Amino acid sequence: MDFHLAVNLERISPETDMLAVRDHTLEMVKMADDAGFAVAWAAEHHALEMTIAPNPFQILTWWAEHTTNIRLGSAVANTAYWHPINLAGEAAMVDLISNGRLDLGLGSGAYQREFDRMLPGVAQTDGWRYMQEALPLIRELWAGDVEHDGEFWQFPKSTSCPKPLQDDVPMWVAARAPITFDYAVANDCDIMSWPFTQPMSEVEEYRSRLEHSIEAAEGEWTGQWAVMRHAAVYETEADREAALSAVRHVLGMFGNLMLKKGEVIDGFPEHIPFSELEGNVRVDPVMLEENLMFGSPDEVIAKLKSYEALGIDSFIYYASMGLGMEQQRRSFELFVDRVIPHFS
């Protein structure tokens, strides 16, 4: 099992200095590069201070200039918001600038609020249809000239400029639903899954879906499977309480977007009362500490061993959860120094 880092430019309140956020985010990526992490992931979101990522490829280009070995991935670009020629070219440019370190992650979008602004009239629940049309088309555009007359895009003969340096750019799909696992396996894509705050049984269910998809494809899948969790490693009670408080606060904001409750004021989602949160955004502290990658180094090692036993190829350390920047670095240092050596 190898390790990836997902980190956002994240502001939880207007008092947070944007330059400090910028510098902190880059520092985390450089730490991951130095520690031998396989991939650093940048998201795509719009008009939200808690995930400042209007163009993941711009972020990856920035990281490329300050790193040496770590691969650079979009987790994930929302295909519904992009024209395929533009998406193929932007992604290929990252591969060129980074000397062949691009991993292209594609997805269907998370929030109806974003669709209402970026693609009015389209339901977030239809985002997967855009992704399934765009993914094979990007491969064709990278290969050479192609004409396209699809459901969502039509264009005469065209190609991607530039082309990627890599002959075979890793393509990732964000998958939770069975239909998305089926599509990813059928198209021989790598898969990333985020079980939010759900227990380990949710991850086990994803494993079952993956196995069914591989069986349906008659074993024709050469990809890898990664699972992402919010992570916090701590050794003191003060750091433990800070981590739980931070993630609960962020879940209150995340619940605003997922459950379509509350307003977003100048990019900051209003915090939803804990009593109104449910499903993927439940905030019971005992449940959170058990389900997320939270705990002492020894506790985190034990949790990761269960992921490894389930056959997960990569664990994505999700650093962004409203935690103070100094403690976020301290947690990551503990993970690098005290946890990773047990999986070398």
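Restricting attention to segment 215-250, which residues are part of a helix (DSSP H, G or I), among the hydrophobic types (A, V, I, L, M, F, W, C) and closer than 24 Å to F3 by Cβ? First the steps, then the outcome.
Restricting attention to segment 215-250, the residues satisfying the condition of being part of a helix (DSSP H, G or I) are 215-216, 237-250.
Subsequent filtering for residues that are among the hydrophobic types (A, V, I, L, M, F, W, C) retains 216, 238, 242-244, 246-247, 250.
Residues satisfying the conditions are A242, A243, L244, A246, V247, V250.
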Residues being within 21 Å of T25 (Cβ to Cβ), part of a loop (DSSP other than H, G, I, E, B) and free of Cβ contacts under 8 Å to residues at least 60 places away in the same chain - total across segment 296-344: 0
Just to be sure I understand the filter: pairs with C-beta atoms under 7 Å, separated by 6 or more residues or on different chains, first member in segment 65-94 and under 11 Å from V29 (Cβ atoms) and at pLDDT 95 or above, second member among the hydrophobic types (A, V, I, L, M, F, W, C) and part of a strand (DSSP E or B). Which pairs pass? I70/V39; I70/A40; L72/A40; L72/L102
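Has segment 105-112 got any residue that is closer than 25 Å to A47 by Cβ, exposed (fewer than 13 other Cβ atoms within 10 Å of the Cβ), modelled with pLDDT of 95 or more and touching a Phe, Trp or Tyr at 6+ places or on another chain (Cβ under 8 Å)? Steps first, please.
Of the residues in segment 105-112, the ones closer than 25 Å to A47 by Cβ are 105-112.
Still in the list and also exposed (fewer than 13 other Cβ atoms within 10 Å of the Cβ): none.
No, segment 105-112 has no match at all.
Among the residues of segment 19-42, write down those that are under 26 Å from G105 (Cα atoms) and either free of Cβ contacts under 8 Å to residues at least 24 places away in the same chain or assigned to a loop (DSSP other than H, G, I, E, B) (or both). Before the answer, list the steps.
In the first step, residues of segment 19-42 are kept if they are under 26 Å from G105 (Cα atoms); the result is 21-42.
Of everything in segment 19-42, those that are under 26 Å from G105 (Cα atoms) and either free of Cβ contacts under 8 Å to residues at least 24 places away in the same chain or assigned to a loop (DSSP other than H, G, I, E, B) (or both) turn out to be R22, D23, T25, D34, A35, G36, F37, A38.
A quick yes/no check of all residues on (1) among the polar types (S, T, N, Q); (2) modelled with pLDDT of 95 or more; (3) closer than 19 Å to L288 by Cα:
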| position | (1), (2), (3) |
| --- | --- |
| S213 | yes, yes, no |
| H230 | no, yes, yes |
| Y234 | no, yes, yes |
| D266 | no, yes, no |
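Restricting attention to strands (runs of 3 or more DSSP E) lying wholly within segment 80-176, give those where 1 or more residues are among the basic types (K, R). Before the answer, list the steps.
Details: elements: 102-107, 146-149, 154-158, 171-174.
Strands (runs of 3 or more DSSP E) meeting the threshold: 154-158.
Within the group S320, S314, which residue is touching an Asp or Glu at 6+ places or on another chain (Cβ under 6 Å), more than 16 Å from R240 (Cα to Cα) and surrounded by 15 or more Cβ atoms within 10 Å (Cβ to Cβ)? I'd like the intermediate steps shown before the answer.
Details: S320 fails: more than 16 Å from R240 (Cα to Cα).
Being touching an Asp or Glu at 6+ places or on another chain (Cβ under 6 Å), more than 16 Å from R240 (Cα to Cα) and surrounded by 15 or more Cβ atoms within 10 Å (Cβ to Cβ) holds for just one of S320, S314, which is S314.
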Listed by first then second residue, the pairs whose first member lies in segment 186-209 and is on the phi > 0 side of the Ramachandran plot, whose partner is assigned to a helix (DSSP H, G or I), with beta carbons under 7 Å and at least 6 positions apart or on separate chains, are F196/N280
The conditions are (1) over 30 Å from V122 (Cα atoms); (2) under 16 Å from the mean Cα position of the chain (by Cα); (3) of a type outside the set (D, E), and T68 fails exactly one of them. Which is it? (2)
Within segment 237-269, residues being loosely packed, with under 14 Cβ neighbours inside 10 Å and farther than 21 Å from M325 by Cα number 4
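Give segment 283-295 a look and list any residue that's outside any helix (DSSP H, G or I) and crowded, with 17+ Cβ neighbours inside 10 Å, or say none. I'd like the intermediate steps shown before the answer.
Just the residues of segment 283-295 that are outside any helix (DSSP H, G or I), to begin with: 283-284, 292-295.
Residues satisfying the conditions are V283, L292, M293, F294, G295.
The values are calculated or read from the model by the stated rules, or taken from the named source; none is laboratory data. Bear in mind the structure is a predicted one, so any value in this text is a computation, not a measurement. Cβ sites come from the backbone with ideal geometry, for glycine too, and all protein chains shown count toward neighbours.
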